[in-house]
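Here it is, the structure in full.
The values are calculated or read from the model by the stated rules, or taken from the named source; none is laboratory data. Because the structure is a prediction, the values reported are computed rather than measured. Neighbour counts run over all protein chains shown; Cβ positions are idealised from the backbone, glycine included. The protein model used for the area step is the full one, side chains on, heavy atoms only, and it has no ligands, DNA or RNA in it. Shrake-Rupley method; radii C 1.70, N 1.55, O 1.52, S 1.80 Å.
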Amino acid sequence: EFVYFGGEKAEKNKDANVERLGWLPIYEVIKQSSMYLRFVRHDATSLSNIEFLCANRPVLTNWEMPYATILKEKEEGEFAQKEIVEKIREIRANPPALKGARKFYENRHNVGDFKRLLERIKTKGTI
């Protein structure tokens, strides 16, 4: 079954294995999920990707980031359903090693370092 979150209301499609959860705290979505799929045309570092990885859930995306499984578009914005399904099956059969993901992202997005950077910019006007 596939679930997606966000949007105005929750609903279940009785004819398909798809359920819209609506707005939920991310930890509720993660608890119900074994994997996260995120395919976008452009992105920065996705916080939801990081949250899933830190919860030891594989992430399949088209955006390069440590610990995620990457599936590139055939052409810009174009993904073949068959390729996505094959990659999901591959991940389920052989889950990626995510042991270091939590520590990596905690260090990379350290709150203290970010505050010091902002203070330096504020006082010196530059990095």
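For a quick check of your reading of the model, give me the residue pairs whose first member lies in segment 79-101 and is closer than 16 Å to SER33 by Cα and in contact (Cβ under 8 Å) with a residue 24 or more places away in the chain, whose second is open to solvent by less than 40 Å² (accessible area, probe 1.4 Å) and in a helix (DSSP H, G or I), with beta-carbon atoms closer than 8 Å and at least 6 apart or on different chains.
LEU98/LEU53
Would segment 24-46 turn up any residue that is farther than 26 Å from LYS99 by Cα, surrounded by 13 or more Cβ atoms within 10 Å (Cβ to Cβ) and not aromatic (Phe, Trp, Tyr)?
yes
Continuing with this model, one more query. For a quick check of your reading of the model, give me the residue pairs whose first member lies in segment 6-35 and is free of Cβ contacts under 8 Å to residues at least 24 places away in the same chain, whose second is of a type in the set (Asp, Glu) and surrounded by 11 or more Cβ atoms within 10 Å (Cβ to Cβ), with beta-carbon atoms closer than 6 Å and at least 6 apart or on different chains.
Short answer, once both residue conditions are applied: LYS12/GLU19; ARG20/GLU11.
Checking TRP63 against (1) in a loop (DSSP other than H, G, I, E, B); (2) surrounded by 15 or more Cβ atoms within 10 Å (Cβ to Cβ); (3) more than 10 Å from the chain's Cα centre (by Cα), only one condition comes out false. Which one?
(3)
Something else about it: Report, by residue number, each residue of segment 80-98 that is at pLDDT 90 or above and open to solvent by 70 Å² or more (accessible area, probe 1.4 Å).
GLU86, ARG89, GLU90, ARG92, ALA93, ASN94, PRO95, ALA97
Since PHE5 meets every condition but one in (1) open to solvent by less than 40 Å² (accessible area, probe 1.4 Å); (2) of a type in the set (Phe, Trp, Tyr); (3) not in a helix (DSSP H, G or I), which condition does it not meet?
(1)
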